[in-house]
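**Q** Let me give you the structure first, and then I'll get to my questions.
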Amino acid sequence: MKKLFVVLAAMVMTLSASAFDFDGINLNASVNKISAEIAKRGYVYDEASDAFTGMCQGTQIYMSMNWKDVKEAGKLGQLIVDVPMKEQDALSIVTKMFNVIYHTAEGGKANVYSVSNDGTTLEVLSSSKGIRLVYSTPFYKK
């Protein structure tokens, strides 16, 4: 019984220490692997918006990547997801929901959430077209 508990505890710790996934894409993988995973999911490059676009859980989104401001070459610093929303109180709606799901990141900055044990954070911003979600990985050079 004790061995079973130790094995289960190790499995839980392994799962909780894993990297953050966005739509099943491991954001701590190499930029090449992340790009391949994005393409596999049907996202296509949209020149007009200079971003990948596609459907995520039934919603049209636009994704761009920051792989320049990184601590380690070949890694992703940030994934920026633009979600079109027309509601005037969209930021308030989204942050209320995320306040229930996630803990605020260290420092207590409003609208910044700790989304993974690996250090990935999510910042929720308002944009001219709706909501912008900025996922900053542990490789992001701040």
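**Q** Are any of the residues in the stretch 126-137 at pLDDT 90 or above and in contact with a Phe, Trp or Tyr (Cβ under 8 Å, 6 or more places away or on another chain)? Before the answer, list the steps.
**A** First pass over the stretch 126-137, keeping only residues at pLDDT 90 or above: 126-127, 130-137.
Still in the list and also in contact with a Phe, Trp or Tyr (Cβ under 8 Å, 6 or more places away or on another chain): 135, 137.
Yes, there is a match, as at least one residue in the stretch 126-137 is at pLDDT 90 or above and in contact with a Phe, Trp or Tyr (Cβ under 8 Å, 6 or more places away or on another chain).
**Q** Within the stretch 24-40, is there a residue that is surrounded by 10 or more Cβ atoms within 10 Å (Cβ to Cβ), outside any strand (DSSP E or B), at pLDDT 90 or above and among the acidic types (D, E)?
**A** The answer is yes, given that some residue of the stretch 24-40 is surrounded by 10 or more Cβ atoms within 10 Å (Cβ to Cβ), outside any strand (DSSP E or B), at pLDDT 90 or above and among the acidic types (D, E).
**Q** Sticking with this one: Among the residues of the stretch 111-137, count how many are in contact (Cβ under 8 Å) with a residue 12 or more places away in the chain, surrounded by fewer than 18 Cβ atoms within 10 Å (Cβ to Cβ) and in a loop (DSSP other than H, G, I, E, B).
**A** 5
**Q** For the stretch 95-110, what are the residues that are open to solvent by 80 Å² or more (accessible area, probe 1.4 Å) and assigned to a helix (DSSP H, G or I)?
**A** Hits for the stretch 95-110 are K96, M97, N99, V100, I101.
**Q** Next up: Only one of these is at positive phi, among the charged types (D, E, K, R) and open to solvent by 50 Å² or more (accessible area, probe 1.4 Å): D50, D69. Name it. Break it down stepwise before answering.
**A** On the way: D69 fails: at positive phi.
Just one listed residue meets the conditions, D50.
**Q** Also: Taking into account only those residues within the stretch 72-94 that are hydrophobic (A, V, I, L, M, F, W, C) and not in a strand (DSSP E or B), which is surrounded by the fewest Cβ atoms within 10 Å (Cβ to Cβ)?
**A** Step one: filter the stretch 72-94 for residues hydrophobic (A, V, I, L, M, F, W, C), giving 73, 76, 79-81, 83, 85, 90-91, 93-94.
Narrowing further to those that are not in a strand (DSSP E or B): 73, 76, 85, 90-91, 93-94.
On the way: A73: 10, L76: 25, M85: 17, A90: 17, L91: 18, I93: 13, V94: 20.
In this case the residue turns out to be A73.
The values are calculated or read from the model by the stated rules, or taken from the named source; none is laboratory data. This one's a predicted model, so the numbers in the text were calculated from it and none came from an experiment. Here the Cβ is made from the backbone with ideal geometry for all residues, glycine too, and neighbour counts use every protein chain on show. Just the protein is used for accessible areas: all its heavy atoms, side chains included, with ligands, DNA and RNA removed. Shrake-Rupley method; radii C 1.70, N 1.55, O 1.52, S 1.80 Å.
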